[in-house]
Amino acid sequence: MADVTVLPVSIEPKPVGEPVLEVEGLCISYFTRAGEIPAVVDFNLTVHAGEAVGLVGESGCGKSTVAMAVMQYMGSNGRIVGGTIKFKGRDLSTLSTEELRQLRGSEIAMVYQEPMAALNPSMTIGRQLMEVPLYHEANCTEQQAYDRSLEMLQAVRIPDPERLMTAYPHQISGGQQQRVVIAMALLTKPALLLLDEPTTALDVTVEAGIVELIAELGERFGTAMIYISHNLGLILETCDRVCVMYSGEVAEEGAVRDIFNHPRHPYTHGLFGCIPTPNRDKNTHPLTPIPGQLPLPHQRPEGCNFGPRCDFFEASHCGRGTIRMDEITGNTGHRARCAKWRQIDWATHDPAGQTYNAMEPGEVVLKVDRMQKYYPVQDRSLAAILSGRSVRYVKANEELSFEARRRETVAIVGESGCGKSTFAKVLMGLETATDGALVFEDAEIGDTEVQKRTKKQLSSLQMVFQNPNDTLNPSMTIGQQIGRVIKKFGVETDRDRIDERVLRLLDLVKLPRDFAIRRPRQLSGGQKQRIGIARAFAGNPSMVVADEPVSALDVSVSAAVTGLLMDIQRAFNTTLLFISHDLSVVRYLSDRVVVMYLGQIMEQGTVEEVFEPPYHPYTEALLSAVPIADPNVKKKRIILEGQLPSVMNPPKGCPFATRCQHRIGDICDELPPPKQEIHPGHHIACHIPSERLAEFDPVIQIAAE
Amino acid sequence: MADIDAAGAEIVLPKRPNPVVGVLKSFLLVRESKVAMVGTAILVFWVLIAVLAPVIAPYPPTQQVSEMRNAAPGTPVPAGTALISFTEQGVAEIPIEGTYWLGGDRLGRDVLSRMIWGAQSVLIYAPLATFFAYMVGITMGLLAGYKRGWVDDVLSRLGDVILSFPILVLYVVIITTFGASGITIVLAVTFASGPGIMRIVRGLVLDLRNRDYVAAAQTRGESSLYIMFVEILPNARGPLIVDACLRLGYTTITIGVLGFLGLGLPPPDPNWGNMIAENREAVLTAPHSTVFPCLAISSLVLALNLLADGLREISLKD
């Protein structure tokens, strides 16, 4: 390929060593019953020692396939049909199985998404780590292996590594497991490390620690890295260069700064339009989802793959032949696969256009007052029964108090285990509250189970669920499922009228009407989530609880679904309770925010109040942990130490005291923090006086461009 | 409040899909697996034999010809043999002709005819017994898995007690108590395999009850009955259909065993188990009278196992 050879090696953003990996014109296909399906087409990449290259793209774009090809591990039906992969100058396709086996794990290592699945649950951490040098190096003694393993655990900053060497994987937290996996990958000092979504399964504050570790690795060990992720913010924090993939091809590649500041390919541009960065706002500067859908691998269009979704598509330029990678600026390796990049003037292009008026919140719809939810846990040990303490309580929710008004979006933010989903269950009536009041539309519903609620209460409080693959019943058609809700809530009774309303609901969520007779497996994740929204709105609810509705979706799909949810909210004056762990999305779409930690509210207030100092130290840490895909944002780095305490045995004083970066002394451990009112409606539960909290530097600062 | 009916263009209702067509279409899935096709072919063969028994069986299943006792396969009926029947008009002689293609049994009955008629009883009682076992097992499994708590404890312990009983003793007890008949066979099989089915269903339900669509049904106030049978059960059908095919095979064997032990349908019913039992003493001198019914049982069980394997294979493809 002509355009590969012109890649200038010498003028990379930072001084680099020898090329470790050279991929040229790589084409990979899967062979299925339906015939040959090209998964990756004409992929070129050079990675140098000490350099981190990000592969970013939506699901199905072929990024993991590339990683598997580099490992020469394609599965039974995948095959490399063209191009070469050279590792340190050797063509990998010429190596024997035995040579490859020696290479994998010692020269090329890989870190996977799910750390628990990568570790053997029946072996101690120490044994698993020591196995690596013992297997790969002929004259390595047990003692040497032990010493090196210990050293590596220290290098990935695991506290108390001696103890950890004797622990089993299930005894340590997910973040530590992932650190162990990374340590294991680094033990043989590999020249190339592949990281496939290494933090996707982790909480944000834990992710921040891993990301910082990965960013250091290249400098400390000179390891070349390929970092695969769907999250552009993570790529910005970890990588030097980035390849944006779309539908099996590289759409654009270049130095991180070039791509993030001056994206040239319309797809890259579109991706940035879908990310809720701090300068976005749901009313004045809403997200701009990319229209259309990712083409299926065997239905790719003629010419440019992105053509059908592109605003600048011109059949004469883009609609035929092969679109080649084109050099944008000769000296930094910034290249894009776009036939029209010279003609597009991004400075004047403004796809946003539409703005909305902010909505005035109305009367109080939901009032939560000192609500508690405890789960009894039976301890059947003899000691517990003798001491009369056989029942202990998990305090999933401890004294929650907040309000939600009509037309308002209230977000509940927190990491896994903070009790946000428990609250949703109590609200929906799947559990009952232990104590306190939960008043919805002037009726107490905290201790009313779902079976005992009136039809009106049921229909006016509905939920959108998290997992698109789980939210719809796979054995019923879409029409049956939405129709059932309409019938159940008595909105319509006549069969034809129900069908008619199903179609109108499909119009509402912008899906074709013939979806009514389809089954969930024929739909994509985003489409399923739209049906979930249609189902929730079928009974004209006054309040909808959305439990992480977009966290399982791709960026561009998620932007569209978020937009849809807010459009419907505006049209129906619905109150939205948005449960999420993602502060970027929360900042973008909510009016008020409730920050939870270990079942308690740490801070609540309007979005502006919560995202600006004074804030609770936990809010500060959360804000700092969220990766932001904008190079102009300056962020203060706060890495939390320690682990989330167990809800069975929470700290006596402030729940956050064990990890707090601003801990002021024993008072934090011993006394529950007072609720300080900063403004009316803005509360912070902290021992630190509000004047001191106000003096914190803001975590996020947007530099002028 | 804005209503969605306010907006939108002319509504054209799409045609409702015919549910019967959908079910028929899913039967065609069998074509995707060769193994399942072979199984289906053998199964269809036996079903046709059972349905057409009155037409294709050359002789009545209980007709005895003393000259044909333990006759080798392919022996022709001797000329001049006649069935003497007493009617109001007097004694009539109906001549018997032809050949015993699979030989005669110890009472001189045609093995081929008895096998053909025997297919009827096995293809009635095995599915019937399996069906009832499933009705009971599914209901118990759904209740135990969905309700959890004390319901689960009681049902599961009950199942454990039944399963811990030696199964043959269980059959003997039930059938000697109620007498040998088709209904007691169904009852015995239901009682013995119900708990096993319950365990499978319970396991599937424990997984499915945590799905979001179940939570969605709960939050719109659906009854437990609706959630169990409409939301959960259809999604457990894949493994259950495979298991039902296997279990149908076991039940076929069970009915054979019961017949062999003299606990099945009372003689002279021509079922395969009875045939083997009646002729076992002559197994060395006239093996054909036991071997062919054995082959019949094996082929039917094999067919059902192949079908189950094939269906599992098909379900893994998607």
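Here are some notes:
- Only Cα pairs under 8 Å and 6+ residues apart enter the sum, and on that basis the relative contact order of chain A stands at 12 percent.
- In order through segment A:310-319: 3J(HN,Hα) via Karplus (6.51 cos²θ - 1.76 cosθ + 1.60), integer Hz, x for Gly, Pro: 9, 5, 9, 4, 9, 4, 5, 8, 9, x
- Summed side-chain charge close to A:MET110 - residues other than A:MET110 whose Cβ falls under 13 Å, Lys, Arg +1, Asp, Glu -1: -3
- Since only B:PRO268, A:GLN177, B:VAL38 are under comparison, the one whose Cα sits farthest along the positive direction of the charge dipole of the protein assembly as shown, derived from C-beta charges on Lys, Arg, Asp and Glu, is B:PRO268.
- In chain B, helical runs assigned H by DSSP with n ≥ 4 each contribute -39500 (n - 2.57); averaged across all residues and rounded to the nearest 500, the mean residue ellipticity at 222 nm is -20500 deg cm²/dmol.
- Two-site FRET efficiency, A:GLU670 against A:GLN143, from Cβ-Cβ distance with R₀ of 41 Å, rounded to 0.05: 0.35
- Listed residues A:SER401, A:VAL111, A:VAL561: farthest to the positive end of the dipole of chain A (Cβ charges): A:VAL561
- Average Cα contact separation per residue, segment B:16-317, under 8 Å, 6 or more apart, as relative contact order %: 25
- Think of chain A as having a plus end and a minus end, set by charges on the Cβ of Lys, Arg, Asp and Glu; of A:HIS285, A:GLY333, A:GLN451, A:GLN451 sits farthest toward the positive end of this dipole.
- Modelled this way, with points 7 Å down the Cα-to-C-beta line, the labels at A:ARG380 and B:GLU281 are 5.7 nm from one another.
- One Cα centroid belongs to segment A:447-501, the other to segment B:50-109; the line between them spans 66 Å.
- FRET efficiency, A:GLU36 to A:SER59 (Cβ-Cβ, R0 22 Å, nearest 0.05): 0.55
- With the convex hull of its Cα atoms as the shape, segment A:351-469 has an orientation-averaged projected area of 11.7 nm².
- Given 15 as the ceiling on other Cβ atoms within 10 Å, longest exposed-site-free region of chain B for GluC sites (Glu not before Pro) in DSSP loops: B:98-318
- Shape category assigned to segment A:508-577 from the gyration tensor of Cα positions, a/c cut at 1.5: oblate
- Helix B:34-51 and the longest principal axis of the Cα set of chain B meet at an angle near 50°.
- If a spin label sat at a point 7 angstrom from the Cα of A:ASN261 along the line to its beta carbon, the backbone N atoms of segment A:619-644 nearer than 20 Å would be those of A:628-636.
- Basic side chains Lys and Arg get +1 at the Cβ, acidic Asp and Glu get -1 at the Cβ, and with that the dipole of segment B:16-317 about its Cα centre reaches some 1060 debye.
- Shape class for chain A: oblate, because the ratio a/c of the largest to smallest gyration tensor axis (alpha-carbon atoms, square roots of eigenvalues) is 1.5 or more and b/c is at least a/b.
- Charging the Cβ of each Asp and Glu at -1 and of each Lys and Arg at +1, and nothing else, the dipole of chain A about its Cα centre rounds to 2000 debye.
- For segment B:14-54, convex hull volume per residue from C-alpha positions, Å³: 70
- Between helix B:149-163 and chain B: long-axis angle, C-alpha atoms, 0 to 90°, nearest 10: 20
- Base-10 log of normalised Debye intensity for segment B:16-317 (one unit scatterer per alpha-carbon) at q = 0.08, 0.09 Å⁻¹: -0.47, -0.57
- Extension gain, B:ARG106 to B:MET135: 0.36 nm times the residue separation minus the Cα-Cα distance gives 6.4 nm.
- Spacing of the two label points (7 Å from each Cα toward its C-beta) at A:GLN701 and B:THR62, in nm: 10.3
- Measuring nothing but how far apart in sequence close Cα pairs (under 8 Å, 6+ apart) lie, relative to its length, segment A:66-156 scores a relative contact order of 16 percent.
- Against the main long axis of the alpha-carbon atoms of chain B, helix B:111-147 sits at an angle near 20°.
- Peptides A:100-112, A:569-581, A:661-673 ordered by average Cβ neighbours within 10 Å, highest first: A:569-581, A:100-112, A:661-673
- FRET E, pair A:GLU444, B:ILE241, Förster distance 51 Å, beta-carbon r, rounded to 0.05: 0.65
- What the phi angles of segment B:224-234 give under the Karplus curve with 6.51, -1.76 and 1.60, with θ = phi - 60°, is a coupling list of 4, 4, 5, 5, 5, 8, 9, 8, 9, 3, x Hz, glycine and proline written as x.
- Label-zone membership for segment B:95-121, site B:ILE84, 7 angstrom Cα→C-beta point, backbone N under 11 Å: none
- B:VAL20 versus A:GLN451: modelled label distance in nm, points set 7 Å from Cα along the beta carbon direction: 3.8
- Residues whose placed amide H lies under 5 Å from that of A:TYR597, excluding near-sequence neighbours: A:MET602
- Net length gained if the chain between A:GLN480 and A:GLU219 were fully extended (0.36 nm per residue, minus Cα distance): 88.2 nm
- Taking each DSSP H run with n ≥ 4 as -39500 (n - 2.57) and averaging over every residue of chain A yields -8500 deg cm²/dmol at 222 nm.
- The distance linking segment A:115-178 with segment B:162-241 is 46 Å (Cα centroid to Cα centroid, whole angstrom).
- Taking amide H as placed 1.01 Å from N in the peptide plane, A:LYS340 has no amide H partner under 5 Å among residues 5 or more places away or on another chain.
We did not get these values from a lab; they are worked out from the coordinates using the rules stated. Note that the structure is a prediction, hence the values are computed from the model and not measured. No Cβ is skipped: glycine too gets one built from the backbone with ideal geometry, and neighbour counts run over all protein chains shown.
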